[in-house]
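Single-structure report; data block below.
Readers should treat all values here as calculations from the given coordinates under stated rules, not as data from a laboratory. Predicted model, so just to flag it, every value in this text is computed and none were measured. Because the Cβ atoms are built from the backbone with ideal geometry, glycine has one as well, and the counts that use them run over all protein chains shown.
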Amino acid sequence: MMPLETFGLPEIIAGIMLLALNAYVLTGGADFGGGVWDLLASGSSRDEQRSLIERSIAPIWEANHVWLIVVVVLLFSAFPPAFGTLGMVLHIPLSLLLVGIVLRGSAFVFRSYGGRAHGRQWGTLFAVTSLITPVILGMIIGAIVSDRVGVASTRVGTSGFVEVFVRPWLSAFTIAVGAFALALFAFLAATYLTLAADTDNLREAFRRRALGAALFVFVLAAVALALSFQAAPRVAHGVAGAWWSLPLHLGTAAAAITAIVALWRRRYRIARVAVAAQVSLVLWGWALAQLPYLVPPTLTLRDAASPRETLTLLLVGLCAGFVILIPSLRYLYHTFARASES
Amino acid sequence: MIGVRLGMSDLFAARTQMALSLGFHIVFAEIGIAMPVLMVLAEWRWTRTEDAVFLQLAKRWAKGTAILFAVGAVSGTVLSFELGLLWPRFMQLAGPIIGVPFSLEGFAFFTEAIFLGVYLYGWDRISRRAHLAAGVIVAVSGAASAVFVVMVNAWMNTPAGITLSGATISAVDPIAGMFNPSTVQQTLHMLLAAYAATGLAVAGIHAAVLLRKRDSAFHRAAFTIALGVGVPAAILQPVSGDLSARTVAAWQPIKLAALEGQFATERGAPLRIGGWPNVQREKTSFALEIPRGLSLLAFHDPSAEVRGLTAFPRDLWPPIIPVHFGFQIMVGLGTAMALVSACVLFLFVRHRPIVDRAWLLRLLAIVAPFGFIATEAGWTVTEVGRQPWVVQGVIRTADAVTPMPGLVVPMTIFALLYLALSAIVVTLVRSLVRETT
Ligand code: HDD
Ligand code: HEM
């Protein structure tokens, strides 16, 4: 654990980066989850389900997507060597992630605006890419925590192609993390959609889906944790051993149980808060387990940090930016709080 | 050194992928900068006149912009990652300095995306005033994002605010980096390019329709508003280009020599129009030469000395042919756009009708794509002309590229992706235009 006296600018910026990632997961992640439910839409209300998903995502997905850009930009501004390392070793999954993001975003607007002629084909492309992209995102995170990216980065040029550019991100553990991420996003989306729904029928449909997704979340979390003892001891032990570990675990469990009970009892507002808390705690747990590393076991936050001048300016810029951003976002969400009114 | 070990083809693939991505993104970026201005003007005319045609126009343009903006957003995302995927060593070096403008750009994107969402989907949800204000915010933040990102590019051309010790940066001053010697000229030129290219393209499309349906109120309104944005920008563009050229002359003499095809160092150098730079014989043949023109334009002194390419070692020469031709194309098209715009302006100040002149409508329809072609050409000049450097005088492109082998594969995939997207976007926009004709 990091001693308190070394808490400074790099840690603050890293904390903001994590908050941005958290925001991305809670907003953009749910948009991906929406795509999953579009793919799995079924039953008599199938078309209404799809239409609700589309109306809920349309006005906000581009703004939600910017959180990812903020994370990337902060990473390369504040921790350039980490960005370089990830870009190098994770070239393949990051490129796949991009292809997924591009196809998904364009398919979504083409479906909304391209007339009804090919609407369903675009819809399918949108849904399939919504399924694949979160898995890749999860795999990337799994690869980073498992130390393999850091190790591979020291072997560039000396080890073979597969060893450096494929192994780090392709393993049972990373796939489990990927699937876990997908399940979380789907859980988030279904829970949000219970609130956006404008008929009881639809609300029930998404309530059932949310409960089903919760089951997947638990199973996949258990699988990922079991695999982590071997593949990512840092997380396994970090999560299991440190002082913050117990409260964090209890918090996550409490949030998860609250979410399920609330869904069961149709307390959707509570469910939404609880799901969001659960997802955020998972993310913070991962980050705490990594400290003080950004890319374990080679790059610490401190080693990777940009010069002080840059970090100071970034912090000033971020504060100014958030002063504009937060009210704007509130306005956006407030304006479109109910998908049904349009 | 890394380039040699990998063989040139990986470096070449990386460059091609970067160039394709940027060349693709810039089209949507320009549209994303200028279309909100057009939409807002149409909506403002509507609030002023209560004429429903303007409302219809604003909504129609908004629909097109939604498609194009989304493609711009996803292609821009690709670019932010690509900086690390293709040029990790450039980012390790430059991150601390260019990160600040890029972060500010991030917030500009945020406001842009937020208020575009409000604008596109909020017609019935918020007051008219709030709606118009949302449009204005989109237009302003679009321009702001262009300014921030071009600051980065200006820094790559004329780096400032860093102290190098060996291969690493020992001190940085991001503010000085943002306000480097090219910032003002390049951002101005880029913004004008966006308004000129988009304004004249939209005007040209509606001019083509007006040729057949002279009295469609809808197309008249669209045509007039688009000209109002495109014409002033196209007229100012050569002036701003001259500022850019003089900055290049002062800070990047090799680039200047390459774009002019100037091999020998001479006083009173001529301005060459066209011509074929023969790199072996170190001479540009077949050009129309205007005596002393280059010295005059680049240094505002007809007998100023212009350093030619031969004054510099060959390994610092950029590829001469694309740079020279890129420049000729940009200036040629820019001159044509400025002349046609001058005609429009002349008729306008004389209170003469514009829509009724078939010859002018035809000219405008022909000029429609020029701005975008000029933009691609201009970026070729800037980027290829800076070679072999990514950051002028600081780090070479070959040393910045990723060690990842097999870069032809991602390059091909992204090339196909852009090709497919372009085809779809063209089809969608055509059907949108056709709906109104
Ligand atoms: C509508 C598009 C357009 C038009 C009509 C022009 N340009 Fe341009 N030009 C650009 C669009 C552009 C650009 C794509 O936006 C560039 C690339 C980088 C930049 O900042 O602007 C550019 C770059 C650029 C540069 C290189 C700057 C550098 O490398 O730092 C010069 C010297 C000029 N321009 C000069 C001119 C002149 C003398 C023009 C006279 C008509 C002209 N441009 C018209
Ligand atoms: C303002 C933002 C821009 C930035 C930060 C930027 C950055 C870069 C970088 C890092 C490279 C690779 C290294 C190099 O070859 O120098 C590059 C190459 C290139 N870029 Fe840009 N670029 C920008 C805008 C553009 C635009 C809008 C175009 C549009 C057409 C463009 C065209 C190219 C081309 C053609 C190359 C390849 C040059 C070569 O390798 O010969 N750039 N750019």
Can you give me the long-range amide H partners of residue B:164? Hydrogens built in the peptide plane at 1.01 Å from N, cutoff under 5 Å, separation of 5 or more residues or another chain. B:170
Apply 1/(1 + (r/R0)^6) to the Cβ-Cβ distance of residue B:305 and residue A:250, taking R0 = 56 Å, and write down the FRET efficiency to the nearest 0.05. 0.15
Among B:97, A:316, B:369, the residue whose Cα sits farthest towards the positive end of the charge dipole of the protein assembly as shown (+1 at Cβ of Lys and Arg, -1 at Cβ of Asp and Glu, taken about the Cα centre) is B:369
Please give the calculated 222 nm ellipticity per residue for chain B, where each DSSP H segment of at least 4 residues contributes -39500 (n - 2.57) and the sum is spread over every residue; nearest 500 deg cm²/dmol? -25500 deg cm²/dmol
Per-residue HN-Hα couplings for segment B:87-92 [Karplus 6.51, -1.76, 1.60; θ = phi - 60°; Hz; x = Gly/Pro]: 10, x, 6, 5, 5, 4
Assigning unit charges at the beta carbon (Lys, Arg +1; Asp, Glu -1) and nothing else, what dipole magnitude in debye, to the nearest 20, does segment A:230-315 show about its Cα centre? 540
Charge tally for neighbours of residue B:327 with beta carbon under 11 Å away, counting Lys, Arg as +1 and Asp, Glu as -1, is +1
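How much mean residue ellipticity at 222 nm does chain A get from its helices, if each DSSP H run of length 4 or more adds -39500 (n - 2.57) and you divide by all residues, to the nearest 500 deg cm²/dmol? Could you put the intermediate results ahead of the total?
Values: 15 runs with 273 residues, N = 342.
When only DSSP H runs of four or more count, the value is -27000 deg cm²/dmol.
At a Förster distance of 30 Å, what's the computed FRET efficiency of residue A:265 paired with residue A:243, Cβ-Cβ distance as r, to 0.05?
Step by step, r from the Cβ atoms, then E = 0.30.
If the chain between residue B:264 and residue B:211 were fully stretched, how many nm would it gain, using 0.36 nm times the residue separation less the Cα-Cα distance? Intermediate results must be reported in sequence, preceding the final value.
Working: separation 53, 0.36 × 53 = 19.08 nm, distance 4.99 nm.
Once the chain is fully extended between residue B:264 and residue B:211, it gains 14.1 nm.
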For chain A, longest principal axis from Cα atoms; helix A:200-231 axis from its Cα atoms; angle between them, nearest 10 degrees, is 20
Would you kindly state how much longer the chain becomes between residue B:123 and residue B:408 on full extension, computed as 0.36 nm times their sequence separation minus their alpha carbon distance, in nm to one decimal? 98.0 nm
Taking max minus min of the Cα coordinates of segment A:8-319 on each principal axis, largest first, gives extents in Å of 57, 44, 42
Given backbone amide H placed at 1.01 Å from N, residues whose amide H is under 5 Å from that of residue B:269, ignoring those fewer than 5 places away on the same chain, are B:295, B:306
Return the single residue from B:292, B:350, B:212 with maximal mean-square fluctuation; model: Gaussian network over chain B, springs between Cα atoms under 10 Å. B:350
Tally Lys and Arg at +1 and Asp and Glu at -1 over the other residues with C-beta under 12 Å from the C-beta of residue B:395: what net charge comes out? +2
Hey, if you put +1 on the Cβ of every Lys and Arg and -1 on every Asp and Glu Cβ in segment A:102-175, which of A:113, A:158, A:141 ends up farthest toward the positive end of that dipole? A:113
To the nearest 10 degrees, how steeply does helix B:320-349 sit against the main Cα axis of chain B, on a 0 to 90 scale? 30
Hey, how many Å between the Cα centroid of segment B:210-249 and the Cα centroid of segment B:360-437? 21
In Å³ and rounded to a whole number, note down the convex hull volume per residue for the Cα atoms of the protein assembly as shown. 158
Spacing of the two label points (7 Å from each Cα toward its C-beta) at residue B:250 and residue B:347, in nm: 4.0
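Can you check what the net charge comes to around residue A:314, using other residues whose Cβ is under 15 Å from the Cβ of residue A:314 (Lys, Arg +1; Asp, Glu -1)?
Numbers: positive: A:308; negative: A:11, A:309, B:105, B:173.
So the surrounding residues net to -3.
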How long are the three semi-axes of the equivalent ellipsoid of segment A:184-342, in whole Å, if each is the root of 5 times an eigenvalue of the C-alpha gyration tensor, listed from largest down? 33, 26, 11
Cα lying deepest toward the dipole's positive end in the protein assembly as shown, options A:123, B:249, B:84, charges on Cβ: A:123
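Using the Cα centre as the reference, give the magnitude of the dipole from point charges on the C-beta atoms of chain A (Lys, Arg: +1; Asp, Glu: -1; all else neutral), rounded to the nearest 20 debye.
720
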List the lysines whose alpha-carbon lies under 29 Å from that of residue B:283, not counting same-chain residues fewer than 8 positions away? B:255
Segment B:281-437: Cα Rg divided by the 2.2 N^0.38 Å rule of thumb: 1.45
Ellipsoid semi-axes in whole angstrom, largest first, where each is sqrt(5λ) of the Cα gyration tensor of segment B:207-276: 42, 14, 8
Alpha-carbon radius of gyration plus Dmax, which is the widest Cα pair, for segment B:179-315 in Å: 19.8, 62
How far is it, in nm, from the label point at residue B:420 to the one at residue A:44 when both lie 7 Å from their Cα along the line to the Cβ? 3.8
Dipole of the protein assembly as shown, Cα-centred, from +1 at each Lys and Arg C-beta and -1 at each Asp and Glu C-beta, to the nearest 20 debye? 1560
Karplus 3J(HN,Hα) series, Hz, for segment B:313-319 with 6.51 cos²θ - 1.76 cosθ + 1.60 (x for Gly, Pro): x, 4, 6, 9, 7, x, x
Taking Cα atoms, the helix B:128-157 axis meets the longest principal axis of chain B at an angle in degrees (rounded to 10) of 10
Which of B:384, B:40, B:349 fluctuates most in a GNM of chain B (C-alpha springs under 10 Å)? That residue is B:349
Could you work out the per residue convex hull volume over the alpha carbons of chain B, in cubic angstrom? 151
